[in-house]
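The values are calculated or read from the model by the stated rules, or taken from the named source; none is laboratory data. Please read these numbers as outputs of a predicted model, since none were measured by experiment. FYI the Cβ positions are ideal-geometry reconstructions off the backbone, even for glycines, and counts take in every protein chain you see.
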Amino acid sequence: MTAELHAIYPDLYGKEYDEKEMDDRFSHLIEKHKELFGKNDAAIFSAAGRTEIGGNHTDHNLGCVIGGSVNLDTIGAVSRREDNRVIIASEGFPVVDVDISDNEVKADEKNGTASLVRGIAAAFRERNIEVGGWEANTTTKVLGGSGLSSSAAIEVLIAEIFNNLFNDDKLPPIELAKIGKYAENVYFGKPSGLLDQACCAHGGIIGIDFADNDNPVITPVDVSFEDYGYAMIITDTRGSHADLTGEYAAVPPEMREIAAYYGKKNLREVAFNDFLRDIRKIREKVSNDRALLRAYHFFTENKRVGFMIQTLKEGDIDGFLGFVTESGNSSFRFLQNVYPSSSPKDQGVSLAIALSEEILQGEGAVRVHGGGFAGTIQAYVPESMTDKYIRGMENLFGAGCSMRIAIRRRPVSRLI
């Protein structure tokens with residue numbers, strides 16, 4: 001088993017990882033499975049977290065994004081059962097035990113892993129694809145609240161377990177992503193888009209065009225930032241997400257206010273030139289300058305994603321980093337999701353960006369990461385400056401706030 005895993009590690013964890021640490025992690029997972037379930041022949045699965053690279057708050061208006069799976073993953077040891085129960089013992093959480101013969105949405109399961117298991121099983125059945133019982137123990141390095149989508153990782157992991165154990169991997173990663181999104185929307189009760197699940201499921205860097213939301217177009221981009229001498233570093237500013245639901249929830253409808261002026265539902269259905277031509281009339285109609293600015297961000301960010309993909313494919317790392325900086329500036333100035341308007345004294349993300357720019361002195365790039373308002377930033381840091389950069393971030397936000405991450409090439413999958 002160890003030799004098999006050693007051959008897989010580079011596709012999971014990039015160029016820099018501690019082989020012994022990974023060996024110990026997987027060995028502990030397998031031993032724990034024997035302890036919990038008494039079985040020696042567990043299958044091993046892995047699903048990655050994700051990072052958003054460009055397309056900040058564009059997917060919910062049918063826009064374009066670019067993201068990638070990362071070298072922080074959730075791993076599970078899994079054995080089949082002969083009944084319809086799914087049992088999951090996740091490290092640090094209560095055991096989940098679900099009878100998947102019942103497809104009904106359960107109000108008391110909302111916001112919990114049980115709802116995801118039930119919803120994913122129901123989605124397989126709706127596609128007339130087989131499901132069955134299994135038992136698993138999991139452990140994760142995708143920290144909750146880190147902006148790396150721990151919830152999407154567990155969703156696509158559950159979907160891949162059904163897909164592999166009972167269907168010989170019949171469904172491709174994007175279908176697993178759709179199933180995860182369905183379970184999260186309908187059973188878990190969170191109205192998320194497809195970005196997180198798609199990036200966690202697919203592996204590598206991908207561009208995603210959501211013009212047809214049910215059938216997004218995926219553009220893989222094969223690139224390693226380490227090959228160009230840059231480390232990708234995520235810094236958690238450790239701000240609270242409490243009471244920020246209203247801030248996040250306001251973004252999509254404000255963009256749609258502008259779309260509604262043209263009788264459309266989403267901004268992707270509106271031409272940028274028409275928006276610029278009509279901006280005075282729109283302003284008089286909607287009486288919301290922030291909605292206009294957020295629409296401007298959408299239009300320009302949508303184009304920027306295409307430029308990011310192009311520069312990465314061409315190996316133009318300087319051009320790519322320039323667009324990363326543009327993306328961050330647009331989020332700060334026009335999208336306005338770098339700090340909450342309801343609490344302007346709480347500006348950890350703004351501080352992190354300011355200090356990053358001071359440390360980097362024009363090298364690399366930095367931007368808000370993910371939903372914003374509080375949480376994480378993403379920086380591309382020259383290898384020679386990584387220690388200095390992390391020390392600077394930790395001096396402000398505390399030890400362990402910064403994580404060096406790498407792009408993972410392998411999709412959600414069974415490893416052995």
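Per-structure values
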{"read-out": "Any hit, the range 103-120, residues being in a helix (DSSP H, G or I), closer than 30 Å to PHE298 by Cα, in contact with a Phe, Trp or Tyr (Cβ under 9 Å, 6 or more places away or on another chain) and in the same structural domain as GLY14 (by TED's automatic domain parsing)", "value": "no"}
{"read-out": "Of residues in the range 316-342 being touching a residue at least 40 places away in the same chain (Cβ under 8 Å) and assigned to a loop (DSSP other than H, G, I, E, B), the one nearest to HIS369 (Cα to Cα)", "value": "ASN337"}
{"read-out": "Selection status of GLU91, surrounded by 16 or more Cβ atoms within 10 Å (Cβ to Cβ), under 28 Å from GLY193 (Cα atoms) and among the charged types (D, E, K, R)", "value": "no"}
{"read-out": "Only listed residue being in contact (Cβ under 8 Å) with a residue 24 or more places away in the chain, in contact with a helix residue (DSSP H, G or I) (Cβ under 8 Å, 6 or more places away or on another chain), surrounded by fewer than 24 Cβ atoms within 10 Å (Cβ to Cβ) and farther than 25 Å from ALA42 by Cα, chosen from ALA198, ALA211", "value": "ALA211"}
{"read-out": "Subset tally (residues that are hydroxyl-bearing (Ser, Thr, Tyr) and loosely packed, with under 15 Cβ neighbours inside 10 Å) for the range 225-258", "value": "2"}
{"read-out": "Only listed residue being acidic (Asp, Glu) and surrounded by 21 or more Cβ atoms within 10 Å (Cβ to Cβ), chosen from GLU160, GLU104", "value": "GLU160"}
{"read-out": "For THR376: the one exception among (1) farther than 27 Å from ALA48 by Cβ; (2) touching a His at 6+ places or on another chain (Cβ under 9 Å); (3) surrounded by 21 or more Cβ atoms within 10 Å (Cβ to Cβ)", "value": "(1)"}
{"read-out": "Sole residue being among the aliphatic types (A, V, I, L, M) and surrounded by 23 or more Cβ atoms within 10 Å (Cβ to Cβ), chosen from ALA352, ALA406", "value": "ALA352"}
{"read-out": "Elements of type helices (runs of 4 or more DSSP H) in the range 165-266, at least 2 residues being at pLDDT 95 or above and under 26 Å from ASP289 (Cβ atoms)", "value": "245-261"}
{"read-out": "Boolean, SER413 is within 23 Å of ASP289 (Cα to Cα), out of contact with any Lys or Arg (no Cβ under 7 Å at 6 or more places or on another chain), in contact (Cβ under 8 Å) with a residue 40 or more places away in the chain and among the small types (Gly, Ala, Ser)", "value": "no"}
{"read-out": "Matching residues, the range 130-164, being more than 14 Å from VAL96 (Cβ to Cβ), of a type in the set (A, V, I, L, M) and at pLDDT 95 or above", "value": "VAL131, VAL156, ALA159"}
{"read-out": "Some residue of the range 23-31 being crowded, with 23+ Cβ neighbours inside 10 Å and either within 27 Å of the chain's Cα centre (by Cα) or assigned by TED's automatic domain parsing to the domain that holds PHE188 (or both)", "value": "no"}
{"read-out": "Candidate set: the range 356-376, residues that are at pLDDT 95 or above and part of a strand (DSSP E or B); chosen: the one nearest to ASP346 (Cα to Cα)", "value": "VAL368"}
{"read-out": "Residue among ASN337, ASN273 that alone is on the phi < 0 side of the Ramachandran plot and surrounded by 22 or more Cβ atoms within 10 Å (Cβ to Cβ)", "value": "ASN337"}
{"read-out": "Qualifying residue in the range 288-303 (condition: out of contact with any helix residue (DSSP H, G or I) (no Cβ under 7 Å at 6 or more places or on another chain), part of a helix (DSSP H, G or I) and within 23 Å of GLN378 (Cβ to Cβ))", "value": "yes"}
{"read-out": "Within the range 344-367, considering residues that are of a type in the set (S, T, N, Q) and without any contact (Cβ under 8 Å) to a residue 24 or more places away in the chain, the one farthest from ASP243 (Cα to Cα)", "value": "GLN361"}
{"read-out": "Cβ pairs under 7 Å, 6+ apart, first in the range 293-307 and basic (Lys, Arg), second surrounded by 22 or more Cβ atoms within 10 Å (Cβ to Cβ)", "value": "ARG294/VAL251; ARG294/MET255; ARG294/LEU335; ARG304/GLY54; ARG304/PHE323; ARG304/SER327"}
{"read-out": "Pairs, first in contact (Cβ under 8 Å) with a residue 60 or more places away in the chain and assigned by TED's automatic domain parsing to the domain that holds MET393 in the range 239-260, second assigned to a helix (DSSP H, G or I) and buried (at least 20 other Cβ atoms within 10 Å of the Cβ), C-beta under 6 Å, six or more apart", "value": "GLY239/GLY348; PRO252/HIS60; MET255/ASN61; MET255/LEU267; MET255/ARG294; MET255/ALA295; MET255/PHE298; ALA259/LEU267"}
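So that you can scan it fast, the table gives a plain yes or no per residue for (1) buried (at least 24 other Cβ atoms within 10 Å of the Cβ); (2) in contact with a Ser or Thr (Cβ under 8 Å, 6 or more places away or on another chain); (3) closer than 30 Å to TYR296 by Cα:
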position: ALA3; (1), (2), (3): no, no, no
position: ILE8; (1), (2), (3): no, no, no
position: LEU12; (1), (2), (3): no, yes, no
position: GLU16; (1), (2), (3): no, no, no
position: PHE37; (1), (2), (3): no, yes, no
position: LEU62; (1), (2), (3): no, no, yes
position: GLY68; (1), (2), (3): yes, yes, yes
